[in-house]
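Below you'll find the structure, written out as structure tokens, and then a few comments.
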Amino acid sequence: MLEKFLKEYVSIVAGSGTDKIVDVLFKKKNVNEFLIAKKLNMTINQTRNILYKLADSGLVRFMRKKDLKSGGWYTYFWTLDEHKCLVNYKNSLTNEISIQESILAVMKIRQFYLCKNCNLEVSDEQALLNEFTCTECGEVYSLKDSAEGVKEIEKIILKLTEKSSQIQVEIDKLIASKPAKSEPAKKKTKKSTSSKSKKPVKKERKKAKPASKKRKKK
Ligand SMILES: [Zn+2]
């Protein structure tokens, strides 16, 4: 269940097909970005694009290490933040639920009309304009029972709510499985290796800190 939710949410955030990255990062820590690219069968830039998108939403964390063999460039190591993924996923569902609820509210107060001959449906405004008579066949409209549409939306809301509570179960499991003092772990991974070598840092591969460039979209 956990893995399934993680994949679903990664696809939502980084685009369809990107969920394979969950297979590579799941239950692991600090995975070398070149290894990720290899396992995904992608170029390093394609891989970084996915990782940056996830990093923008805080779904992955990184640490970097200077690789002295390759001239002091940095290599990044990535960790999937499962907890953050689930929390964000749940929040997005909560959002969707409230949208569906407002649609439902509209459905309950507005009326629709129907020509039973032509199986045509019109809004109340349109029905008024047509003087409550079908423009195709002349039949008088009948008031449409919105019960079916309402039921449909209620079903959607129920599904979303169920999924949301399943995600909450996974969140609770994650929290329970973690030792209580584990929260400052973040800090450790963020810092780069304090350079004990005096060798000056050469150009980093591509733009250095992915998380620091704030590419806020929307
Ligand atoms: Zn008609």
(request) Mind giving me the FRET efficiency for residue 146 and residue 8? R0 is 35 Å, r the Cβ-Cβ distance, nearest 0.05 is fine. (result) 0.65
(request) Run the quick spin-label model on residue 30 and residue 67: label points 7 Å from Cα toward the beta carbon, then report their separation in nm to one decimal. (result) 1.6
(request) Can you tell me the FRET efficiency between residue 169 and residue 137 if r is taken as the Cβ-Cβ distance and R0 is 41 Å, rounded to the nearest 0.05? (result) 0.15
(request) Given a cut-off of 27 Å, name the pairs among 53/155; 27/65; 90/178; 29/69; 4/39 whose C-alpha atoms lie farther apart than that in the structure shown. (result) 53/155
(message) Percent of Cα-Cα pairs more than 14 Å apart in the range 86-176, please.
(response) 71
(request) Please sort 44-50, 28-34 by packing, taking for each peptide the average over its residues of neighbouring beta carbons within 10 angstrom, highest first. (result) 44-50, 28-34
(request) Evaluate the relative contact order of the range 86-176 (contact order divided by residue number), counting alpha-carbon pairs under 8 angstrom at least 6 apart; express in whole percent. (result) 38
(request) For residue 60, list long-range residues whose amide hydrogen, built 1.01 Å from N in the peptide plane, is under 5 Å from its own amide hydrogen. (result) 55, 81
(request) Could you tell me the largest-minus-smallest coordinate of the C-alpha atoms of the range 1-76 on each of the three principal axes, in descending order and whole angstroms? (result) 41, 21, 21
(message) Looking at the calculated P(r) for the range 34-118, what percent of the C-alpha pair distances fall above 16 Å?
(response) 71
(request) Estimate the FRET efficiency between residue 125 and residue 95 by the formula 1/(1 + (r/R0)^6), using the beta-carbon distance for r and 35 Å for R0, to the nearest 0.05. (result) 0.75
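Where a number appears in this text, it was derived from the coordinates with a stated rule and is not lab data. None of these values were measured; they are calculated from a predicted model. With ideal geometry, Cβ positions are generated from the backbone for all residues, glycine too; neighbour counts draw on all protein chains shown.
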